[in-house]
Amino acid sequence: MSSACFGARSLPSLSILLITLIVRAHACSTGSYTCGFSCCSCASYFTSYCLDCNWYSSCCTDCADGYTGCDCGTPPPTPPPTTTSTSTTTKTTTTTTKTPTTTSTTTTSTTTTTTTTTTTTTTEDSCPDGRTGALLHYSFDDVTGPTVHSDGALAIDALARSIAIAPGGLFGNAAQFVLPASAILIGTNGVSLGASWTLSAFIQGLRPSTDVRALFRGYSIGLGNYAAVAQAGSDELGSLETGTSTFYGSGFDLSVLADSAWHHITAVGSSGITRYFVDGFFVGEAAFESQTDIYAIGNRQDYAQNEIFADAIDEIRLYDVSLSDAEVRKLHLALLCHNGSVTAPPTTTTTTTTT
């Protein structure tokens, strides 16, 4: 994985311009900058980064949150440590009272009590907890032969059919699609996620194909919809309604992901719409939401034709809720943090003792 954020490859300026014109057909509002797949406003010390960032590098939001490793430019200065000072004051007052017959001298000593406050600050890097809560989670690090075990809320195993499970994943092992029949199949007939859902996976090496490429597909050959698919010929990310053979596109061209880096694709279905995210950024939506189950991942389930989506897939997560944009971003950053591609902002714990 390259040093650029999220494993992104640095692209020549001309390529950036062409991708920007073709893939991103909108402009940022005044006072914001084109960064990643989003428009974002930057503090002064992030301005040059936003203007010069790679087309899908991390947006300045992550820099402002304190992440490093994303070509975020110079971070804000660290404030100096708090210093507690104490002082001791001794005051002596002398009062002399004089009468014609008696002389009296009184001396008063006043001492101020000293309070010492000791502050101990412990700082450590801590990746956010964005990896839990999935209904199903397949990391390919817990397998028995071709059986892939889930550590999600549901203990439904998956079959890695004609899959090579080997090191080289986002972290640990990954599923490598080595044969036309390679596919990941959930249980005996898939899992239903309800009216709202989220599907998430990291992919490496988008497959070129004249046919559709299935990332998430339903159980029934004739009725199982494609919740996330690359359209034949155009490489557009979207959904496919199997019964009517109708493709609903998001407007995002997946061909820009045809490299050796790991890329994160997330589909969020709710209220008849499917919203798509790539590497944690929203890239478009399709006017269709699949309500069939999810059974086949990475390819179609039968042998009729090859619909392999990518060379390798890792960290598959299925949720029976629709994650918000912020939650998708948190999940993406958490996984990259645990992978070591980015560093989370340090967590500071302060303990104060008064004596």
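Around GLY169, under 10 Å between beta carbons, what's the net of Lys plus Arg minus Asp minus Glu among the other residues?
Value of the local net charge: -3.
Rounded to whole Hz and in sequence order, give me ³J(HN,Hα) for region 137-149 from the Karplus expression 6.51 cos²θ - 1.76 cosθ + 1.60, θ = phi - 60°, writing x for Gly and Pro.
Once rounded to whole Hz, the list reads 9, 10, 9, 6, 9, 10, 10, 10, x, x, 8, 9, 8.
Could you give the size of the charge dipole of region 203-255 about its Cα centre, using +1 on the Cβ of each K and R and -1 on the Cβ of each D and E, expressed in debye and rounded to the nearest 20?
Taking the Cα centre of region 203-255 as origin, the dipole is about 180 debye.
For THR116 and THR147 in the same chain, what is the full-extension length gain: residue separation times 0.36 nm, less their Cα-Cα distance, in nm?
Between THR116 and THR147, full extension yields 5.0 nm more.
Once phi is turned into ³J(HN,Hα) by the Karplus curve 6.51 cos²θ - 1.76 cosθ + 1.60 with θ = phi - 60°, what whole-Hz value does each residue of region 323-337 show in order, with x for glycine and proline?
Each residue of region 323-337 in turn: 6, 6, 4, 5, 5, 4, 5, 5, 4, 4, 5, 4, 5, 5, 5 Hz.
Simple spin-label model, 7 Å along Cα-to-Cβ: SER234 to SER324 in nm?
Roughly 3.3 nm, to one decimal.
Which whole-Hz couplings ³J(HN,Hα) result when phi for each residue of region 186-195 is put into the Karplus expression 6.51 cos²θ - 1.76 cosθ + 1.60, θ = phi - 60°, listed in order with x for Gly and Pro?
Going residue by residue, I get 8, x, 9, 8, x, 9, 8, 10, x, 6 Hz, with x marking Gly and Pro.
Any idea of THR343's accessible area? Nearest 10 Å², probe 1.4 Å.
For THR343, solvent-accessible area is about 50 Å².
Using heavy-atom solvent-accessible surface (probe 1.4 Å) with all chains present, what is the largest-first order of CYS127, CYS337?
CYS127, CYS337
If you keep only loop residues by DSSP, which trypsin sites (Lys or Arg not before Pro) in region 224-329 have at most 16 other Cβ atoms within 10 Å of their Cβ?
Details: sites: ARG275, ARG300, ARG317, ARG329; in loops: ARG300.
Sparse-neighbourhood loop trypsin sites (Lys or Arg not before Pro): none present.
Taking K and R as +1 and D and E as -1, what net charge do the other residues with C-beta under 9 Å from the C-beta of PHE277 add up to? Numbers along the way, then the final one.
Details: positive: ARG275, ARG329; negative: ASP279, ASP325.
Result for the neighbourhood of PHE277: 0.
Taking 7 Å along the Cα-to-C-beta vector as the label spot, tell me the ARG161-ASN189 distance in nanometres, rounded to one decimal.
My value for the distance between the label points is 1.6 nm.
Note down the net charge around ALA214, summing +1 for each Lys or Arg and -1 for each Asp or Glu among other residues with Cβ under 13 Å from its Cβ.
Spelling it out: positives minus negatives among the neighbours equals +1.
How do TYR248, TYR219 rank by accessible surface area computed with a 1.4 Å probe, from largest to smallest?
The ranking, largest first, comes out as TYR219, TYR248.
How many nm separate the modelled label positions at GLN291 and ASN306, each set 7 Å beyond the Cα in the direction of the Cβ?
Simple spin-label model gives 3.6 nm for this pair.
The values are calculated or read from the model by the stated rules, or taken from the named source; none is laboratory data. For clarity, every value in this text was computed on a predicted model and none was experimentally measured. We place every Cβ from the backbone using ideal geometry, glycine too, and count neighbours over all the protein chains shown. Accessible surface is based on the protein model in full, side chains and every heavy atom, while ligands, DNA and RNA are left aside. Shrake-Rupley method; radii C 1.70, N 1.55, O 1.52, S 1.80 Å.
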